[in-house]
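The values are calculated or read from the model by the stated rules, or taken from the named source; none is laboratory data. Note that the structure is a prediction, hence the values are computed from the model and not measured. Here the Cβ positions follow ideal geometry from the backbone for every residue, glycine too, while neighbour counts run over all protein chains shown.
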Amino acid sequence: MKAKEHGKKAIRIVNNTVNFLVLIFIVLAVAFAGYALWDSKQISRAADKSNYEIYKPTAEDGRKSFEELQAINPEVMAWLTIYGTNIDYPVTQGDNNMKYVNTNAEGAYSISGSIFLDCDNSNDFSDFNSILYGHHMEKEKMFGQIGDFSDKAVFDAHKYGNLYYGRKDHGVEFFAFIHTDAYDNLVFTPNVKGADRQVYLDYMLEKALYKRDIGITAEDRIVLLSTCSSSSTNGRDILAGRITDTVYEDSWTGAGSGNGEYWAMTGQGSGITKTIKTLTLLLILILAALIVLIVRKIRQKQKYNESKNEGKNDV
């Protein structure tokens, strides 16, 4: 009898320990899910274009607000807008290509970083090819929508943008969407010179997933908007455009299917974000842990009742 009682006691201790560990797991999972959601919102909020709207250069404000941003951070040197998207941000340039990976346009630390020009490019966009980098972020922030141009309907619908620099607006006419590797040294060589320009241009057009004939030549100035791709490891999505002195009209302004509404209509945009996937997985794990805990409690109660009945029978 003593051995039997000791065995039951040991089983109870093990069961209680397991239940305690399961409970701790659930508490930690809930806490982590809450933190992940909060952290994601903070990062997304920091990357929102609305943070910079007061600085955007417009004809109405006499460019004063943009100059105020430059006074805060002299390394702000341009403003990029892609019509019909949420890409509407100031452009920075550091003395290396790491600074603005985690520094915002006001010069403060930020995981979302900034849109920035390659450090080897001229800041007046006089080079044959200038390269702009930005994070591929959720909820259509920073360069999060560049990858959506892999859909032909999106590429065909969005032809123009604007690049403000040197106290003047310039048009951007997009002519190609390219998917390549981060280690493609030919693509990621800024300020190509001489005869290499035609080689570069031919290579870009050959690699293009989509392209439109706008009569692009090696005498033009082009700008590449580069971001990470979610479709492949070390992949990069690039939207290429020609810089022009012609300023194009923003036909999306005030349109019923502009910006986020267009992406919703076409099924593009961030879709199910990584954060939502992570939280969904956590909730599934929490639910599974709760089910395990409930099942264990039911089994413990059954064993207790069976043990109690056995005790009565022994008497």
Hand me the list of strands (runs of 3 or more DSSP E) wholly inside the stretch 139-252 holding 1 or more residues that are modelled with pLDDT under 95 and either outside the structural domain of TRP79 (by TED's automatic domain parsing) or farther than 14 Å from ILE87 by Cα (or both).
168-181, 221-228, 235-244
Hits in the stretch 191-230 - residues which are farther than 21 Å from PHE149 by Cβ and not acidic (Asp, Glu):
ASN191, VAL192, LYS193, GLY194, ALA195, ARG197, GLN198, VAL199, THR217, ALA218
Suppose we keep only residues that are crowded, with 24+ Cβ neighbours inside 10 Å and not aliphatic (A, V, I, L, M) within the stretch 149-173. Which one would you say is nearest to GLU53 (Cα to Cα)?
GLY161
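Against the definition (closer than 20 Å to VAL91 by Cβ, of a type in the set (Phe, Trp, Tyr) and in contact (Cβ under 8 Å) with a residue 40 or more places away in the chain), how does PHE155 come out, yes or no?
It is false that PHE155 is closer than 20 Å to VAL91 by Cβ, of a type in the set (Phe, Trp, Tyr) and in contact (Cβ under 8 Å) with a residue 40 or more places away in the chain.
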Subset of the stretch 107-138, residues outside any loop (DSSP other than H, G, I, E, B) and crowded, with 18+ Cβ neighbours inside 10 Å, comes to ILE115, PHE116, LEU117, ASN129, SER130, ILE131, LEU132, TYR133, HIS136
